[in-house]
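Written out below as structure tokens is the structure these notes cover.
The values are calculated or read from the model by the stated rules, or taken from the named source; none is laboratory data. All of these numbers come straight from a predicted model, not from anything done at the bench. Cβ coordinates were reconstructed from backbone atoms using ideal geometry, including for glycine residues, and neighbour counts include every protein chain displayed.
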Amino acid sequence: MKEFAYFPGCSLEKLAISYHTSTLETSKKLGVKLQELEDWNCCGSTTYFHIDELLAYTLTARNLAIAEKTGLDVVAPCSACFKNMFFTAAHMKEDPDLAEHINFALEEDGLNFSGNTKVRHLLEMFAQDVGPDEIRSKVTRPLEGVKVAPYYGCQILRPRKDHEEVENPRYFEDLLSAIGATPIEYALKMRCCGGSLIISSRIAALSMVRNLLQCAVDQGADMIATACPMCQVNLECYQQSVNQEFGTQFAVPILYFTQLMGLALGIPKKKLGIGKELVSASPVLAAL
Amino acid sequence: MSETYTFTFMKEVSSLLHAADGNPFPMCVQCGTCSGSCPVAAYMDYTPRQIIAMVNAGLKDQVMESNTFWYCASCYQCTVRCPQDISITELMYALQRYSIWKNRYKEGMIGPAFSEAFAKTIVRTGRTFEPILAPSYIFSFKMREFFQEIQNATELMLKGRLPILPPRIKRLDNFKRMIRRILPMGGAE
Amino acid sequence: MEKIGVYVCHCGTNIAGMVDVQEVAEWAAARLKLRGVIVARDYKFMCSSLGQELIEKDIQELGLTRVVVAACSPHLHENTFRTACKRAGLNPYLCELVSIREQVSWVHTDKDVATAKAMAVVSGGVERVNFQVPLEPMKVSIHPDTLVVGGGIAGIQAALEIADAGYKVYLVEREPSIGGHMAQFDKTFPTLDCAACILTPKMVSVGTHPNIELLTWSEVEKVDGYVGNFTATIRKRARYIKTDLCTGCGICWEKCPKKVVDDVFEAGMGTRKAVYTPFAQAVPKYPVIDRPNCTYFIKGTCKACEKFCPTNAIDFTQEDELITVEVGNIILATGYDTFDAKRIAQYGYGRLPNVITSLEFERLCNAAGPTNGEILLKDGKTKPKAVGIVHCVGSRDKHYNEYCSVICCMQGLKFAHLVHERTGAEVYNFYIDMRTPFKGYEEFYQRVLEEGTHFIRGKVAEVNNAARNKDEEGKLIVQVEDTLVGVQMRIPLDMVILSVALEPRHDSKETAHRFGISCSADGWFIEKHPKLDPVATMTEGIYIAGCVQGPKDIPATVVQGAAAAARALGKIHAKEIALEPFRASVDEAKCSGCRICNDLCPFNAILFHEDRMVTEINPALCQGCGTCVAACPAGAISGTGFSNEQVIAQIEGLLLLNLDRKVPA
Amino acid sequence: MTNINIFEPVIIGFTCNWCSYRAADLAGTSRTKYAPNVRLIRLMCSGRLDPTFVFKALANGADGVMITGCHPGECHYLEQNYKAMRRFHLMRRTLQGLGIEPARVKLVWASAAEGAKFAHEVTSFVEEVRALGPLNWGSGENGHVTELKSTPQEALA
Ligand SMILES: Cc1cc2nc3c(=O)[nH]c(=O)nc-3n(C[C@H](O)[C@H](O)[C@H](O)COP(=O)(O)OP(=O)(O)OC[C@H]3O[C@@H](n4cnc5c(N)ncnc54)[C@H](O)[C@@H]3O)c2cc1C
Ligand SMILES: Cc1cc2nc3c(=O)[nH]c(=O)nc-3n(C[C@H](O)[C@H](O)[C@H](O)COP(=O)(O)OP(=O)(O)OC[C@H]3O[C@@H](n4cnc5c(N)ncnc54)[C@H](O)[C@@H]3O)c2cc1C
Ligand code: SF4
Ligand code: SF4
Ligand code: SF4
Ligand code: SF4
Ligand code: SF4
Ligand code: SF4
Ligand code: SF4
Ligand code: SF4
């Protein structure tokens, strides 16, 4: 059985509660054990880098250190958390001075991070570590006929520069195919949704949301699957605002990929938090 | 009007980067890949490439007066494509930090206030909590945006997706002492 | 005691700027007097004729028996000073050149430290030269035949120059025909000559030249020997055609039912048959059967070609043939590959049908190409109304290749002109810098500007099909910053041409190793000197020409092909060559017959006499690496020019200064 | 060597004529700066390296020895650098037996194109040896040698 340390991140506590519950449900079904980190703290999202780089690394390093104690690889469902953990771990490994400075601070909480914990995004964990074949074998209700736009967003992929797949990854598509859905091809699958801009530069963010929805709908998407609470909220909550701002008529359900996996694995909708979304997915899912 | 080249600003900014060595923005060849890739470029006063040129030329006032780095969505699209391997996103962060420290930013910017509010919450509680963040920035919204936010919040509340009380981590004292080893707390405490 | 002269060079300020040369010379004269130094001088330019005369005069007047020159790298001027010594009557091998420029003044920053190091280097040289013995260069004869590998324009030019001078050439080409990349083009910049018109006559000359033995569909597998006396083993792959009977009539490929996508000559834009010549003007004219794709070889039936061939030239029983040839010189001209545009996924190559590479475009506008020279979209009928040419695809980018591919700016201009002329479409060139050096190139740029081509300064960020409005629907959208305006642009286009980088051949590292030469980290073959000897390699008798050495256009390729030929001809004319007499030899009296050395020589120079139980080294085969010298436990093997005594003495000399300093004051 | 207080190690470097000596040339022509503590000896091939050379260097006052050659698989003499590599490992064991830190001897592959790498390796090796401290091994009678014992004639005899 696969086992991972699990860092839910702040958003999953409430705002993205359905992501949390559907993650736990699908993992259970697939025989993956997730062990939530004890007493984790917020990783600072992207905002902390605006204030103090070292502090941003330290906040994340605390969680990494807690994860390291479990001896397991750690998974994060939120792309921003993932990126922070992935790069904090990488930088601390490359730069012993940085590691020393941070570990000095961690001492206050009786912690130390030596850089050995591997960091995975939840999507990578399911799509690559568990793998499409394994998932396919457990599917009881394939999502036949549902055209889903896989939305990678930014920070699952970037800024990793060491592999050329950052510009055209395929594993989300493979995962959707494994649960019987039809992944659609659309150009903006890795384009930023502007999540972090909704406060500071609303019009830019709204137009980014609009472009994304437009591109997915033009290519025939019934819904968009996300792998990040920020993306989900942004694409969903601001559809109304986009429609007001640009005179469009979008009503695209935005679900977490774990919710779709859960459906295909035969988990009841309620347990997956389906119904909590603002743009209802029922019309699309009714066809199943 | 003419300007004189000075390189102090460029050096100041590079010293703000965790790894200025690995992020040699004076190596920029002004190819524009970053700005061509940036999903926010259309809304920025200057494109990311222009900001790099301005930093290198020492045009500090113009850079500080621009909205560019506050509008950066941290999407890293520029960074993974730059043919010179420059981490433009990290430069944007550095400019944000510089701007907050020097308390210099374009009038009407919401980014700085939001960042500070967000950061203070984490430092106080160890976690974030959306509702108490709202007041610190929402006043700068225009009326329509204000109502859009209220509407969103209400809907989310009804769906059980907004928390009522701020969550706290358990070892908060240790946590605060840990932070003190990294930076003097100043007004955030 | 030897009488040694020490000469310290200023090299203008190159050395004197960082090393106190006068102090070094004075120190050598004083401190090394006991070691045999009787004169030490410094001079502004030792390699100038006055500098050399200085040495010659001292040899004659002071009776010097050894010379040490402290100057630049021996790879630059060792020969110069050896020749000077020889002129003055001193055996040239009694001269030692030590480097205080590349190894001292150019790499260090503290004058005192650099000066001290220079002294150490000089004293190392003095100690070593003491143990040098007079040597005579080994004379070896030069076989008059030459092997040219690669039949692109570089190889063709080199082969013709040598053959015209009256010497035999073996030209080995991997593909069924010679011609290389140039044969794929329609027009060539900057004069827009038709490529076939200028290339075909040369190809025909190669095919008919009495002095050229053309071996196409062949590869060199192994090379043994050394300058003047190489033996190359060549695999002639089975053609399944009896070339003595075939007339090149073309009936076989007309009748062959098996179509194959041609990834080489047509760059994937067109098809050929299983029996084929890559193009109509191919040299030689007879086809090959591509075994992995031939129905007969796959299924055991077909033989349509055999049935219809009027001369019974098809022969399915042929097998690969290994031949060996003896040659004196080798010219490598294996050219380049193009960058795989799929690696830059954001440009959509391979996903968006009308994003094509430059090589594909060459076929598209070639009159003999898949569309008969009509520039059409993938649907095969629509003419594009707007075409974009993306520069620097895979070049000048730390993620792919850092270098500039040299030809693609001009190639982009050529394409702009052709698109304009043949379709009237709007043409955009997206560039970072326009690089148009060399004769007539800037003028060509001017002409294309006049024609109304749009030039947008900005590296293209991405190409996609995500339309945001009516104008963009159904189009390819190029997203780019126009850096001269400072605005992000989205430009809807029908066709996007990616000017892909020139890259070393995918197998360049293996090829380099097979011929015993080195290649750069990128994979380009390394020339002997980047400025003063760009055609020779570090291995005597092996030359390089064309794009194997680095990206270049056709004129530069031809120049280098001719230059390589001239160098080979020079050797052939000299009939013999003097080799460095650095060879290992066994002192039979000391050899214990332990045979430890016996397996160490990769050149099989070491042989063991069972009868006498001693080892001997064949000086003709020994290359002087010294590995056996280092291995012999009895100290029975010695190397001329690199004896144990010499190296030990040099170590002592290099450390003399330190020993001095350890003496308490 | 100007600052008396800092230990400046002395390194003898053996370079191969075809690759690392050219890498040193390239470092020079590209004006790449590196630590001045190294003094180079040109051999035709790393395979020529006789272990006695290394011991001789250390005995005569060198604090470290750097052996450089073509990358495995790129030897000008086809495969002699593999032989150098094998010898190198043996040599380190011998040094250990003599009570000398094996880290005083370093093997580096550098092709003719790797001037920057060569420079970098020299500088970092100097730092490594500096950290080990002076060797002071067998430097002749009462620890000092002021004149080389053998004159060329003596040695030849
Ligand atoms: C799209 C494009 C357009 C261009 N347009 C122009 C132009 O208009 N004007 C201009 O001046 N230049 C142009 N160039 C540059 C031009 O192609 C080169 O300068 C020229 O072709 C180099 O010739 P070459 O003989 O060195 O290499 P190649 O043409 O690559 O020839 C090498 C030959 O060696 C053979 N070979 C390879 N490996 C082996 C092996 N191991 N054994 C035996 N044979 C082998 C190959 O099959 C080939 O026949 C263009 C390049 C490109 C990519
Ligand atoms: C400022 C400058 C810097 C440069 N730097 C570099 C560099 O760093 N690297 C580089 O690669 N290139 C450099 N170059 C280019 C380089 O100078 C040329 O490539 C090179 O010198 C050309 O050599 P040449 O023999 O063709 O011509 P020249 O050097 O001009 O030699 C021609 C010779 O012919 C003689 N001559 C002329 N007419 C007659 C006659 N009728 N009869 C007899 N003799 C005659 C002249 O006196 C002269 O000696 C530089 C050029 C300039 C202007
Ligand atoms: S992509 Fe890189 S090199 Fe190009 S303009 Fe931007 S920062 Fe400069
Ligand atoms: S990281 Fe910032 S500057 Fe870079 S592309 Fe994204 S939004 Fe633009
Ligand atoms: S001998 Fe060498 S160092 Fe001296 S002047 Fe000539 S090139 Fe310069
Ligand atoms: S093999 Fe026969 S049919 Fe084919 S070209 Fe030659 S002669 Fe003609
Ligand atoms: S036997 Fe092969 S080459 Fe001949 S016609 Fe048939 S498929 Fe073509
Ligand atoms: S020649 Fe022009 S297009 Fe080609 S790599 Fe150089 S600058 Fe780019
Ligand atoms: S190693 Fe020396 S002693 Fe042994 S066989 Fe070879 S030459 Fe003779
Ligand atoms: S010196 Fe090298 S090439 Fe010569 S015999 Fe010995 S091992 Fe062979």
Exactly one of C:Lys590, C:Lys571 is away from chain D (no Cβ under 13 Å) and more than 16 Å from ligand 9 (Cβ to nearest atom), and that one is C:Lys571
Within region D:5-16, the residues that are surrounded by fewer than 22 Cβ atoms within 10 Å (Cβ to Cβ) and within 9 Å of chain C (Cβ to nearest Cβ) are D:Glu8
Picking from C:Lys398, C:Lys414, C:Lys439, the residue that is under 17 Å from C:Leu498 (Cα atoms), basic (Lys, Arg) and assigned by TED's automatic domain parsing to the domain that holds C:Ile491 would be C:Lys414
Being away from ligand 5 (no atom under 16 Å from the Cβ), away from chain A (no Cβ under 14 Å), part of a loop (DSSP other than H, G, I, E, B) and in contact with a Gly (Cβ under 7 Å, 6 or more places away or on another chain) narrows C:Thr382, C:Thr311, C:Thr334 down to just C:Thr334
| request: Kindly check whether there is at least one residue in region C:585-606 that is in contact with an Asp or Glu (Cβ under 9 Å, 6 or more places away or on another chain), modelled with pLDDT of 90 or more and of a type in the set (Phe, Trp, Tyr). | output: no
Of the listed residues (C:Lys57, C:Lys33), the one being surrounded by fewer than 16 Cβ atoms within 10 Å (Cβ to Cβ) and modelled with pLDDT of 95 or more is C:Lys57
Screening A:Gln240, A:Gln232 for residues that are more than 30 Å from A:Arg136 (Cβ to Cβ), modelled with pLDDT of 85 or more, polar (S, T, N, Q) and in contact with a helix residue (DSSP H, G or I) (Cβ under 9 Å, 6 or more places away or on another chain) leaves only A:Gln240
Within region C:84-107, is even one residue hydroxyl-bearing (Ser, Thr, Tyr) and within 30 Å of C:Glu161 (Cβ to Cβ)?
no
If we keep only residues of region C:423-438 that are in contact (Cβ under 8 Å) with a residue 60 or more places away in the chain and closer than 24 Å to C:Ser395 by Cα, then the residue surrounded by the fewest Cβ atoms within 10 Å (Cβ to Cβ) is C:Phe438
Within region D:49-97, the residues that are in contact (Cβ under 8 Å) with a residue 12 or more places away in the chain and basic (Lys, Arg) are D:Lys83, D:Arg87, D:Arg92
When restricted to C:Asn329, C:Asn354, the only residue touching a residue at least 60 places away in the same chain (Cβ under 8 Å) and in the same structural domain as C:Lys459 (by TED's automatic domain parsing) is C:Asn354
| request: Determine if region C:126-146 includes at least one residue that is of a type in the set (Val, Ile, Thr), buried (at least 24 other Cβ atoms within 10 Å of the Cβ), at pLDDT 95 or above and not in a helix (DSSP H, G or I). | output: yes
Within region C:492-536, residues basic (Lys, Arg) and within 16 Å of ligand 1 (Cβ to nearest atom) come out as C:Arg505, C:Lys509, C:Arg514
B:Ile51 within 11 Å of ligand 3 (Cβ to nearest atom), in a loop (DSSP other than H, G, I, E, B), in contact (Cβ under 8 Å) with a residue 24 or more places away in the chain and buried (at least 21 other Cβ atoms within 10 Å of the Cβ) = no
Here the residues within region B:57-105 that are of a type in the set (S, T, N, Q) and more than 10 Å from every other protein chain (Cβ to nearest Cβ) are B:Gln62, B:Ser66, B:Thr68, B:Asn103
If you go through A:Arg191, A:Arg210, the only one that is within 14 Å of chain B (Cβ to nearest Cβ) and assigned to a loop (DSSP other than H, G, I, E, B) is A:Arg191
Selection over region C:402-455 where residues are in contact with a Phe, Trp or Tyr (Cβ under 7 Å, 6 or more places away or on another chain), part of a loop (DSSP other than H, G, I, E, B) and either within 14 Å of chain B (Cβ to nearest Cβ) or away from ligand 1 (no atom under 16 Å from the Cβ) (or both) yields a count of 1
Here the residues within region C:517-560 that are touching a strand residue (DSSP E or B) at 6+ places or on another chain (Cβ under 8 Å) and closer than 22 Å to C:Lys187 by Cβ are C:Cys547, C:Pro551, C:Ile554
